[in-house]
1. Mind listing the phi-derived Karplus ³J(HN,Hα) values for region B:108-125, rounded to whole Hz, using 6.51, -1.76 and 1.60 with θ = phi - 60°, and x for any glycine or proline?
2. Roll a 1.4 Å probe over the protein heavy atoms and report the accessible area of residue A:13 in Å², nearest 10.
3. Starting at the first residue of region A:278-285, write each ³J(HN,Hα) from the Karplus equation 6.51 cos²θ - 1.76 cosθ + 1.60 with θ = phi - 60°, in whole Hz, x for Gly and Pro.
4. Give me the inter-chain shielding for A:223-232: mean count of other chain Cβ atoms within 10 Å, whole number please.
5. Select from A:319, A:306, A:397 the residue farthest towards the positive end of the dipole of chain A; place +1 on Cβ of Lys and Arg, -1 on Cβ of Asp and Glu, and compute about the Cα centre.
6. Straight-line reach only, C-alpha to C-alpha below 21 angstrom: list the lysines that residue B:57 could link to, leaving out same-chain residues fewer than 8 apart.
7. How much net charge surrounds residue A:61 when only other residues with a Cβ under 15 Å from its Cβ are counted (Lys, Arg +1; Asp, Glu -1)?
8. Apply the a/c threshold of 1.5 to the C-alpha gyration tensor of region A:60-138 and tell me whether it is rounded, prolate or oblate.
Amino acid sequence: MIWRRHLSTGQGYKKISIVGSGPAGFFTAYHLLNKSKIPIHVTVWEKLPTPFGLSRYGVAPDHPEVKNCEETFTECARKFISDKHHKFEFIGGVEIGNQIKLKDLLKSQDAVVLSYGCTGDKKLHIPGETDTSGVFSSRNFVNWYNGHPDIAQDPKLLDFEWSKVKNIGIIGNGNVAMDIARILLSNRIDAIWKHTDISSVALECLRNAPIENVKIIGRRDFVHSKFTNKELRELWQLERYGIFGKIDKEYFHDGMFDLSQFDRAFKRRVEMCSEYLKPFTQRKKNFKKFPIPSPSDVYDKRTWELDYLLSPIKINKCPQTSRLESLTLSHNKLALPENKVIKDEEKADVEYPMDLLITSLGYAGIPLEEFNALGIGFERGHVANKQGRVLTTTNDLYPKLYASGWIRKGSQGVIASTMEDAFEVGDRVIQDLFVQPSTTESFDINLGKIRHTTWADWERINRQELKNGKEEGKKRTKFLSIEDIMNSIKS
Amino acid sequence: MFKVTIGITSLLPRRMASSSIQASTTLMRQHIFNSNTKLTISHFSTSSILRHGHLKKPVPGEELKVTFVLKDGEQKTYEVSEGETLLDIAQGNDLDMEGACGGSCACSTCHVIVDPDYYDAIPEPEDDENDMLDLAYGLTETSRLGCQVKMSKDIDGIRVALPAMTRNVNNNDFK
């Protein structure tokens, strides 16, 4: 490990720093390096010692194919680290805004792209949300089972009594909610998890839970569900393990929708639900690919349910232990013409008993502390920008500063849409660099004694994780703490 | 020469999307694949295939032809072997097609629009491909994922267009 380095001040290179090494940051770097005709020096900064952000710590462990973008990033890094035309550098374990100020970074670079994603949680803002044992945000829960060093060994999760978890509520029905439902429902199916890179300490906890039912609760109706068809299909397909789904007739039944009004994805979603809700033998062939076990063969009965038009209003806990006992919800209705959610006063509140509650309302963008002082605009959970060019608080262009991915648009969209976004923003950076004179101020970022990782360090960490995984018959065994990561490259 | 500008449909409210998909498909038929449309001179560049290791060199006499209509309307025709996917062919020839998931049908970045004359000759898409196509920008009725379409004698001469990502009027840009 190298302890003292300067960001090289190569003559003739336009210098671009990217803040964050997740798909948004890395796809921006990839595009810049592949498309720029003028020589550039791209530095990707990452808060953690390890790269890839949500691809590594967000994507579900049973979706390894979604993480294949990491191969593209690795190929890109290896190629441009020793390229004749451009330069590439990865600096891990350094937080922009903390050890290195954004202000200084802007001084030293020709362009800075903010790609640090959404680092906070959207909240319910109801009583009991933060002080009840058994209530977790989706971000924390996902980071936990993916071995994120910030939370992988958090006692709140490790010491929670998983053996008492039978009924689960998930608030929100985006793909993260679906991932969480799938992982919880299949917690004891080794065939799914054994070979993945799921955190083994998390899996051990989860396996203890004798789960019976998972409710996926949306505040709007079926039409406004946020999940995509792939994730919904995966849930239905759990029936081959004896895990069955249902939707109340009030929220979904055949012939409920005038399909000519809807797009293809919705039509397919309706068909999928109609078919899977039918008895097995009566379905079209695409919906009976995997035989389902007969009820007598299923020893622990498990169900999941899509629930709609409900808003949580109160989390109820045991006064002695602070443990979650139930969730009170009020009914909603949608008011035309804009389908605004309003409380349905005619229906009485309901109380769902539950042992685990996951709030999956989406990730929230958090402004860097320096934004205020620098006059950088930030609104509705993302950096104020016009086509990726960052705006000031007074809506003028902020010189040299860009944003891509979730911190530009909010926490929506799959890796493919983040890629498109990163490419578009990359194009604008290149466009601007062509006309903009190079930074005249010769200011140099000095990493001094700041402990950090390089790309070569990551390659070593990666090899070690893959090796440890192989020994355990898994794809990879992630290091679960910063200390373990850094120790692996000490010698 | 013309510029294909689709992708707009993804910006419309869900309820409007379906009719505009049909509209854009009609446009496709009229513009991209109409042989009367004046296109840029097509390049025959079989030589470039040899540069790339992972594309097999076709056995003489068994070459299959595939034509890509690029985002700017230019056409490129290649001679390839049976079994190569459209994604491999495009990437092997440095065309602008990404395979973010490495060709494993887990994203929609290798979306192509197939000439309707060839569409029915390709084996039908599986559910997982359709699930991904649901998320593709500028979806048409003859859209496929490049990673799932393998060259065969049945589709010799196939023509596919790369959708242009002209999302200049994205709502987010005005936020």
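The values are calculated or read from the model by the stated rules, or taken from the named source; none is laboratory data. All figures in this text were calculated on a predicted structure; none of them were measured in a lab. Using ideal geometry, Cβ is built from the backbone for each residue, glycine included, and neighbour counts are taken over all protein chains shown. These area figures cover heavy atoms from the full protein model, side chains too; ligands, DNA and RNA do not enter into them. Shrake-Rupley method; radii C 1.70, N 1.55, O 1.52, S 1.80 Å.
1. Ordered by residue, 3J(HN,Hα) equals 10, 6, 9, 4, 10, 9, 8, 3, x, 5, 10, 3, 6, 7, 8, x, 4, x Hz.
2. Answer for residue A:13: close to 50 Å² accessible.
3. 7, x, 3, 5, 8, 8, 5, 5
4. The shielding value for this peptide is 3.
5. Towards the positive end, the residue furthest out is A:397.
6. B:65, B:76, B:150, B:153
7. -2
8. oblate
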